[in-house]
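Undergrad: I have a structure here, written as structure tokens, and I will follow up with some questions on it.
None of the figures in this text is laboratory data; all of them are computed from the coordinates on show. Note that the structure is predicted; figures quoted are calculated from it, not measured. Cβ coordinates were reconstructed from backbone atoms using ideal geometry, including for glycine residues, and neighbour counts include every protein chain displayed.
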Amino acid sequence: MNRVLANTYTIERQQKLFWLIAIAVGLTLLFYGYLVNRTVFNVASWGRDNSELSKTRSTIGELELAYFDSKNNISPEMARKIGFSEVVTPIFISRTQIPSVISLNTREKIQ
């Protein structure tokens with residue numbers, strides 16, 4: 001009788017171990033599938049982003065070319081035509097001298 005209980009206990013233990021391993025393998029396969037899915041999605045996203053980046057760089061190049069063409073076409077005659085005029089006496093703004101030492105002591109004046 002003792003032997004029958006020991007065999008039954010061993011069989012139940014083996015069944016529980018089988019189901020534990022089967023669940024672990026199933027979860028591992030699900031996790032692997034998730035990681036493969038994310039990898040494929042990221043590769044596709046990278047390709048799309050790379051294509052968009054290429055188009056953006058091309059647009060920036062075209063805009064730079066248009067900017068330089070416009071910049072080179074500006075002349076004093078064109079400026080006068082759109083309303084700009086020569087300045088007779090230019091006025092310049094001078095910067096005040098910034099002290100070389102910064103202090104939190106407000107009672108003392110820094111020279």
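Undergrad: Nearest 0.05, what FRET efficiency do residue 53 and residue 73 give at R0 = 30 Å with Cβ-Cβ as r?
TA: For residue 53 and residue 73, the calculated efficiency is 0.45.
Undergrad: Could you tell me which chymotrypsin sites (Phe, Trp or Tyr not before Pro) in segment 12-85 are loop residues by DSSP with no more than 12 other beta carbons within 10 angstrom of their beta carbon?
TA: Sites meeting the loop and neighbour criteria: 84.
Undergrad: While we're on this one: Let me check the size of segment 2-75 from its C-alpha atoms; what are the radius of gyration and Dmax in Å?
TA: Spelled out, the Cα radius of gyration and Dmax of segment 2-75 are 31.8, 109 Å.
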